[in-house]
Amino acid sequence: MVDLSEAPEFTPEDFIDVTHLNESSGRPRLSRRLAEVLSSPAPSLAGPGTP
């Protein structure tokens, strides 16, 4: 889950209502932000010294 509720890159103008992003600015910003989050390497689940 990615919580973007506090993301500073979104402004009220990016929304068409309380929960839906508009097509011209909101959706492209969301796509870029998700790409950034999902392209980050995942944290290792293995403990130290585990192959």
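A few points about this structure:
- Inter-residue pairs, beta-carbon under 6 Å, first on the phi < 0 side of the Ramachandran plot and in region 7-30, second assigned to a loop (DSSP other than H, G, I, E, B) and open to solvent by 40 Å² or more (accessible area, probe 1.4 Å), 6+ apart: Asn22/Ile16; Arg29/Glu9
Matching residues to (1) modelled with pLDDT of 85 or more; (2) loosely packed, with under 10 Cβ neighbours inside 10 Å; (3) within 14 Å of the chain's Cα centre (by Cα):
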{"residue": "Asp3", "(1), (2), (3)": "no, yes, yes"}
{"residue": "Asn22", "(1), (2), (3)": "yes, no, no"}
{"residue": "Ser25", "(1), (2), (3)": "yes, no, no"}
{"residue": "Pro28", "(1), (2), (3)": "yes, no, yes"}
{"residue": "Ser31", "(1), (2), (3)": "yes, no, yes"}
{"residue": "Ser39", "(1), (2), (3)": "yes, yes, yes"}
{"residue": "Gly49", "(1), (2), (3)": "no, yes, no"}
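The values are calculated or read from the model by the stated rules, or taken from the named source; none is laboratory data. Keep in mind that this is a model prediction, so the values were computed, not measured. Quick reminder, even Gly has a Cβ in these numbers, built from the backbone with ideal geometry, and neighbours come from all protein chains shown. Ligands, DNA and RNA are stripped out before the accessible areas are found, and what is left, the full protein with its side chains, is counted by its heavy atoms. Shrake-Rupley method; radii C 1.70, N 1.55, O 1.52, S 1.80 Å.
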